[in-house]
Each structure stands twice: as C-alpha cells, then as structure tokens.
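Enquirer: Let me begin by handing over the structure; questions about it come next.
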Amino acid sequence: MKKTIAVLPGDGVGPEVVNEAIKAIRTVGEKFNHKFEFVHGLIGAAAIDKTGNPYPKETEKLCRSSDAILFGAIGDLKYDSDPTLKVRPEQGLLKMRKNLGLYANVRPINVFESLTDKSPLKKEIVEGVDFVVVRELIGGIYFGKRGRNKKGDQAFDTSAYSRKEIIRVAEFAFKLATRRNKKITVIDKANVLETSRLWRETVNELKIKDEKLKIDYMYVDNAAMQIIKNPKQFDVILTENMFGDILTDEASVLTGSIGMLPSASIGEKVILYEPIHGSYPKAAGKNTANPIGAILSAAMMLDYSFGLKEESRTIYESVKKTLKRGLGTKDIIDKNPLSTSELGNVIISFI
Ligand code: IPM
Ligand code: MN
C-alpha cells in the first residue's frame, strides 16, 4: 500500500510527539511492506510566524490532497498572554476543522492495566475503563456568532445547532456503538438549553430506526461527576462541541495522563489524527513530553483511514508492552522516566 500523510506538527511539544508517531508509522511500513510518504505543512503559531496566517492556503491544499492528516498541537504562550490579539494560533485549528468538514471527533478513553495506579482516582474505579467520546466538532458555541456591544463592555458567544448537524454526528456515534456495546449516553443541558432540547428530539427520532441501541441522556453537570465516580457505566458518549472539549480533558485523568490519549476527527473525506493534549509550551523542545497520544493517533490512522487493522494493532500492542515493562515519560513514571524520543524508540523496537 502507498499513502501520503500530511504532517502538521504545529506548536509547543507538537513537533516532538509527531516525530515519534512518524517513526512508528515508518517502522510499521517497513515491517508490513507499505510505503508512507510524509509531507510537512505549517499551522498555528508556527504558521503565523512564517506567513502571518495560522492556516495558510498551502496547508489546506496539502490536507485536501493527502490520504490522512497527522497533527501535533496548537498554542503558544506569546498569544495566550494577550487577549486583544486578532490573529491567534487556535484559529488555524478551528478553520482547518471547519473547512475540511471534520464534524465527528472520536476520543477513546482506554485505561492500560499497567497504569491503573497512575490516576489520582482509586484503582477499582479506573481499571477496565473503556469508552469512546464522540464530540461534535464544527458547530455549537465554537462557531456561533460572537462579539461585543458598541461600548465594548458587554460580550456574547452563541451556540447554534441544526438538525442536520446533529444527525450526521449522531449517525456516526450510532454506527460506532453498534460495533461496541450498543449503549449511547447523550450528554447535554436540556434542562436549560434549547440546543440541547433539539439534540434530544433529533437523536430520539433516529433511535426509533435502531431498536437494539440503548440510549440514555445525562445532564453535563451530572456527567462531569459520573465520569470520575463510575466511569465504567459508559460505552459511547455523544455530545456537543464545548461539553466534549471539557469532558475529555476530565476523562483523561482516568488514564493516568492527558499525554496518553489519541483522537480522530472525521468528516466527509480526509481524516485528521491528533493527540488530545495541547501544545504544553513549558515543555517545548525539552524532549520530555509523552508521545503515546500521538503514537496511538497513528495507530488509529492505520485502522480508520487505511483499513490496516493488524498494523494498527501492532502499534497498540507495542505501547501496551512498553507500559507493562514500567517504561514511560515523566508524566506516567516516577523513577527513571524516559525522554520523548527514548520512549518512542522502545515502542518501535517492539513493533
Ligand atoms: C482540543 C483543544 C482545542 C479545542 C483548542 C486548542 C482550540 O482544546 O482539541 O480539545 O478547544 O477544541
Ligand atoms: Mn481541549
């Protein structure tokens, strides 16, 4: 098989972790006889510095002409400290998601057995946790009308969802649940928000078409509690953009570190893969960030975009083996932690 992968390392620790993911994909390519070509592009603060634009036209072109996208992270302290700036790195990511129509963000929350004592939560609560959050990614408050009044002393952000937007992501979650334990929890705030009421109405109508799926609804405030109190009750969580953003950071605590979690953003055509962690600017260039989220994102790519199940599994098993030996970066290992590249090397040695 021959595939072209767009690589957008972005900011902070993005380049370091993406590098390890590339190593993993290359190694799998050698082992299974596939040819993967990597073409680099600019995004985020890195792109602003070079072009003035956080999502240059060439990057969009590269994404559209590639078979998959591997993305690192976005965000830079120099932009965080000044809220008045008009051009911001995050705009690059949001524009890319929107332009490429990446409406379903899939974030699997799996707890590796060897890391059950790394979570601040009790072992009994986190062991065996295995659920997937499907986060709607290109609607809601992230993309609604926002602004200020004339005087500038009042601001607003609006959340809007259409039936069509809800249906496409819900159908995706339904399909996913069918391949898993057939249970979907829709998380919303239907006791307050009209958008949430439309979500319930719409998902309920879809449900009628598939009798086997069990659908529950849960308010987001309760869900925030349930995720840490009894996370094993979840199989597939379906939720809107902002709730999904917040709840997946929370859920990452179950796994021991936010550095562990991969994601895929699915649209009509090309799929984007990225670790869910941010750019972690304080660690940038230090070779200490956890590359596993990025490496597992590569594993998702091989499966979802290229249908290479065994190859994908090989990466996953190599990560598992590495963790079982007690190896990891400093976010998950106290004694003798490995560097980013050392951990990557161990993982590819198992591939
Ligand atoms: C994420 C990130 C982004 C988001 C930021 C960087 C805009 O937090 O992918 O979860 O809020 O979606
Ligand atoms: Mn986030």
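Enquirer: Keeping all protein chains in place and using 1.4 angstrom, which order do L42, L62 fall into by accessible surface area, from largest down?
Expert: Final ranking, largest accessible area leading: L42, L62.
Enquirer: Using the 2.2 N^0.38 Å rule of thumb for compact globular proteins, work out how the range 120-255 stacks up: its C-alpha Rg over that value, please.
Expert: 1.13
Enquirer: How do 334-346, 47-59 rank on mean C-beta neighbours within 10 Å, highest first?
Expert: The most tightly packed comes first, giving 47-59, 334-346.
Enquirer: Okay, next question. So if I place +1 on the C-beta of Lys and Arg and -1 on the C-beta of Asp and Glu, and nothing else carries charge, what would the dipole magnitude of the range 159-313 be about its Cα centre? I want it in debye, nearest 20.
Expert: Here the range 159-313 has a charge dipole of around 340 debye.
Enquirer: Separate question: Taking a cut-off of 13 Å between Cα atoms, list the aspartates and glutamates near K164, but don't count ones fewer than 8 places away on the same chain.
Expert: Of all the aspartates and glutamates, those that pass the test against K164 - Cα under 13 Å, at least 8 places apart if same chain - are E136, E201, E205.
Enquirer: Lysines near K335 by alpha-carbon distance under 23 Å, same-chain residues fewer than 8 away left out - which ones?
Expert: K118, K122, K123, K282, K286, K320, K321, K324
Enquirer: At what distance in nm do the modelled label points of S341 and D80 sit from each other, each positioned 7 Å from its Cα along Cα→Cβ?
Expert: 2.5 nm
Enquirer: For the range 152-195, list residues with backbone N below 12 Å from a point placed 7 Å from the Cα of K207 toward its Cβ?
Expert: It comes to 183-187, nothing else.
Enquirer: Net charge within 15 Å of E30 by Cβ-Cβ distance, Lys/Arg positive one each and Asp/Glu negative one each, not counting E30 itself?
Expert: Counting the neighbours of E30, the net charge comes to +3.
Enquirer: Which entries of K145/K207; K183/K209; K3/K269 show an alpha-carbon separation above 24 angstrom in the structure shown?
Expert: Going by Cα-Cα distance, K145/K207 fall outside the 24 Å limit.
Enquirer: Using +1 at the Cβ of each Lys and Arg and -1 at the Cβ of each Asp and Glu in the range 120-255, identify which of L121, T195, V132 lies farthest towards the dipole's positive end.
Expert: Sorting the options by dipole projection puts first T195.
Enquirer: Take the Cα pairs of the chain, get the Kirkwood Rh, then feed it into Stokes-Einstein at 20 °C and 1.002 mPa s and tell me D in µm²/s.
Expert: D, rounded to a whole number, is 103 µm²/s.
Enquirer: Once you place label points 7 Å from the Cα toward the Cβ at N222 and K2, how far apart are they in nm?
Expert: Calculated label separation equals 5.5 nm.
Enquirer: If you don't mind, there's one more thing I want to ask. Given R₀ = 45 Å, FRET efficiency for E310-K189 by Cβ-Cβ distance, to 0.05?
Expert: 0.60
Enquirer: If the chain between D153 and R325 were fully stretched, how many nm would it gain, using 0.36 nm times the residue separation less the Cα-Cα distance?
Expert: 56.3 nm
Enquirer: Roughly how many debye, to the nearest 20, is the charge dipole of the chain about its Cα centre, given +1 on each Lys and Arg Cβ, -1 on each Asp and Glu Cβ, and no other charges?
Expert: 500 debye
Enquirer: Another question, if that's okay. How far is it, in nm, from the label point at K122 to the one at T178 when both lie 7 Å from their Cα along the line to the Cβ?
Expert: Roughly 3.9 nm, to one decimal.
Enquirer: Still on this structure, please answer the following. Mean Kyte-Doolittle hydropathy of 1.0 or higher plus an axial Cα length of 15 Å or more: which whole DSSP H helices in the chain meet both?
Expert: Helices meeting the span and hydropathy rule in the chain are 292-304.
Enquirer: Provide the per residue accessible area, probe 1.4 Å, for the range 60-182, rounded to a whole number of square angstrom.
Expert: Value for the range 60-182: 52 Å² per residue.
Enquirer: Among G101, G152, G328, determine the one that fluctuates most according to a GNM of the chain built with springs between C-alpha atoms less than 10 Å apart.
Expert: G152
Enquirer: I would also like to ask the following. Give the separation of the Cα centroids, the range 174-194 to the range 125-168, in Å.
Expert: 16 Å
Enquirer: Something else: Tell me the per residue accessible area of the range 221-351 using a 1.4 Å probe; a whole number in Å² is fine.
Expert: Counting only protein heavy atoms, the per-residue value for the range 221-351 is 39 Å².
Enquirer: Can you give me the % of accessible surface on the chain that is carbon or sulfur? Probe 1.4 Å, all protein chains present, nothing else counted.
Expert: 52 percent
Enquirer: Post the alpha-carbon centroid distance, the range 1-26 to the range 259-285, in whole angstrom.
Expert: With the range 1-26 and the range 259-285 each reduced to a Cα centre, they are spaced 11 Å.
The values are calculated or read from the model by the stated rules, or taken from the named source; none is laboratory data. Fair warning: this is a prediction, and the values are worked out from it, not measured in the lab. When we count neighbours, we look across all protein chains shown, and the Cβ atoms used for this are built from the backbone with ideal geometry, even at glycine. The area values use the complete protein model at the heavy-atom level, side chains included, leaving out ligands, DNA and RNA. Shrake-Rupley method; radii C 1.70, N 1.55, O 1.52, S 1.80 Å.
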